[in-house]
Every structure is written in structure tokens, then in C-alpha cells.
Ligand SMILES: C[S@@+](CC[C@H](N)C(=O)[O-])C[C@H]1O[C@@H](n2cnc3c(N)ncnc32)[C@H](O)[C@@H]1O
């Protein structure tokens with residue numbers, strides 16, 4: 001029997017462990033040698049999820065010797081995105097939150113055991129930053145080739161609009177199966193699945209300006225909800241494992257309807273959006289329904305602001321219209 005190579009992985013900026021979870025979901029034969037995050041609460045969640053507490057500290061204080069010691073072949077990095085977000089000040093490498101990633105870049109040429117693979121995730125906007133320029137320069141001079149992507153879950157059939165920047169880097173002699181995409185920014189996932197660029201059109205090298213056309217190929221939001229009722233999706237209440245609280249001040253006349261689904265009404269009440277808020281701000285809310293084929297990424301301001309902070313889910317159709325729950329549908 002062929003024994004598959006096991007990757008030793010370092011997970012930088014591990015947060016609650018989205019990267020590690022992806023490795024598991026993708027069935028990659030990998031061992032996370034260490035994860036690093038400065039945030040206590042994120043580390044609590046990570047420990048709860050994976051039974052391992054990340055190294056707690058500032059990544060900026062790691063040395064080349066520290067990193068060499070792990071003998072890791074793959075590095076996964078999701079550094080802070082605030083220096084590059086369109087809504088932010090866009091201070092890029094001048095933002096203190098970029099310093100630790102710049103420090104890692106500085107260390108790469110000093111390593112005795114540099115990784116073979118690197119995976120970097122960030123917001124759209126990173127690819128035009130001076131930090132990005134520094135990253136590409138460092139990787140090139142350290143023998144890496146890169147392929148860069150801007151991809152959204154919508155392109156994988158997931159009803160979630162969240163375009164993100166990804167950089168894959170491989171160190172010589174490792175190489176990509178479609179080298180024609182080396183050093184390119186790619187807007188579709190096909191090069192990841194084909195050999196030598198066959199069947200991949202030039203369209204992949206042009207910015208996707210119409211994400212909406214992808215919606216048809218997405219499964220509906222209800223596919224990701226957990227039914228707690230035997231009734232059909234249009235009439236059922238839903239129970240959610242990953243729900244966020246919007247408001248505790250409730251004046252919803254539908255209160256109490258949830259007991260029949262095994263939830264006590266107080267549990268679900270936590271997530272109901274008061275009618276008064278819907279009447280006042282409904283037109284500004286991004287409302288999705290169980291059969292919707294998209295929803296938006298929620299942000300830090302979710303439940304404190306109405307506009308541009310994430311989708312609200314309407315769950316129960318009643319005589320008076322839809323009843324709303326505020327839930328977060330996953331954020332990795
Ligand atoms: C974009 S989030 C990463 C999210 C992560 N991929 C996940 O799945 O949860 C960035 C993370 O970097 C951590 N962080 C920011 N600056 C850091 C630093 N200097 N040292 C260590 N961790 C840092 C933050 O605490 C945060 O959890």
C-alpha cells in the first residue's frame with residue numbers, strides 16, 4: 001500500500017482555525033506542527049475545536065531559528081486584513097497590523113529550512129498593496145513561483161458572496177501543474193483542476209465583474225440550515241448552531257411559536273429581529289430567504305449596524321410576511 005506523504009504545517013494567524021479545518025475537510029494528510037495567534041479568545045476557540053492551544057504571542061517576535069525548529073514544509077498564513085480593506089485607511093505596510101507579516105517575509109531568506117509550500121489569504125485590495133509587492137519580491141528571490149487568485153465561495157456552488165485574495169507559492173523544484181498561470185492573477189478556480197491550462201480560457205485572467213451570473217449554480221441557503229421540523233422549508237422553523245444574537249429587546253407577536261420544534265422560545269428569541277427594526281430599517285437590510293442563492297459576509301458591526309454588515313435570514317412565512325432571524329452563516 002502506498003504511504004502518502006504527511007505534510008508538516010505551520011498555521012500563522014490561526015484565529016479559530018479555519019485553515020486547519022479546511023485541511024481536515026479536504027482530507028489532506030497533514031499534521032499542524034504549530035499554530036500561532038496573539039488573541040486569547042481565538043485561541044480558546046481553536047483549542048475547543050482542535051484540542052490544541054496555539055502558541056500564544058506576537059508573530060513579530062518569532063526568529064528564523066524558531067521557525068526552522070518546526071521543520072515544516074507548508075505554511076498557511078492569513079494575516080490581518082485591516083491595512084488593505086477598501087473601507088479602511090489603506091495604510092498598507094505603514095499600518096502596525098501589517099508589521100508581523102512583513103517580519104515573516106524578512107525571515108524567509110534567513111531560514112535554513114524554508115517551507116516548500118506557502119498559502120496566503122487576504123482581502124481583495126491586498127494584491128495592489130506595497131506589502132504584496134514585498135511578498136512577491138521576497139518569494140521570487142527565495143526560489144518560489146506563485147499563482148494568485150481572487151475567488152469567491154459562489155464559484156464553488158456555495159451561496160456566499162465573499163471574494164478573497166489567495167496566493168499559492170511553491171519552492172523550486174516544486175512546480176504547478178499549469179505553469180502557464182505562474183505569476184498571474186487568476187479570477188476563476190479552473191486552473192486548480194486542470195493540467196497545463198487546457199480548457200481554461202482567458203476569461204480567467206480578467207476580473208469577474210458579474211458575480212451574479214454564478215448564483216444559478218449555487219445551492220440554496222437552506223442547504224446549510226439545520227431543520228428542526230418535519231414540515232417543509234417554507235413553513236418550518238430552523239434551528240441554528242452558528243447563530244449570532246441580534247437583539248434581546250423583543251416585541252415580536254410570533255414569540256412562542258418555536259416550542260413545537262424542540263426549541264424553547266427563549267433560545268430562538270435571542271435571534272429574532274424585532275418587528276420595529278424591520279419596519280424602520282428593512283429597506284436597508286440585506287435580507288435572504290431559505291431559497292436564496294447568495295448571502296453576504298458578516299462583519300464586526302453585525303447586529304450593531306444594519307447596512308453592509310451581513311445578511312439577515314427570513315425563516316418563517318406567516319400571514320403577515322416573513323419572520324426574521326439574524327444568523328451568521330459561517331465566516332472562515
Ligand atoms: C484574519 S484573522 C485569521 C482568521 C483565521 N484564518 C481563522 O480561520 O479564524 C487574523 C488573526 O491574526 C491574529 N493576529 C493579528 N496580529 C497578530 C500578531 N502580530 N501575532 C499573532 N497573531 C496575530 C488575530 O488575533 C486574528 O485571529
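Nothing in this text is a laboratory measurement; each read-out follows from the coordinates by a stated rule. These figures come from a predicted structure and were not determined experimentally. As a convention, Cβ positions derive from the backbone with ideal geometry for all residues, glycine included, and neighbour counts pool all protein chains shown.
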When the label point is put 7 Å from the Cα of residue 128 along its Cα-to-beta-carbon vector, which residues of the range 143-179 have a backbone N closer than 19 Å?
-> 148-152, 162-167
According to the square roots a ≥ b ≥ c of the eigenvalues of the Cα gyration tensor, what is the shape class of the range 7-214, taking rounded for a/c under 1.5, prolate for a/b larger than b/c otherwise, and oblate for the remainder?
-> rounded
Quick one: length gained pulling residue 25 to residue 87 fully straight, 0.36 nm per residue minus the C-alpha distance?
-> 19.1 nm
Distance in nm between residue 41 and residue 56 label points, each 7 Å along Cα→Cβ, equals 1.5 nm
By average Cβ neighbour count within 10 Å, what is the ranking of 115-123, 90-98, 206-214 from highest down?
-> 115-123, 90-98, 206-214
Potential lengthening between residue 205 and residue 111 on full extension [0.36 nm per residue; Cα-Cα distance subtracted] = 30.5 nm
C-alpha center-to-center spacing [the range 56-72, the range 179-196] in angstrom | 31 Å
The range 7-214 - percent relative contact order, Cα under 8 Å, separation 6 or more = 15 percent
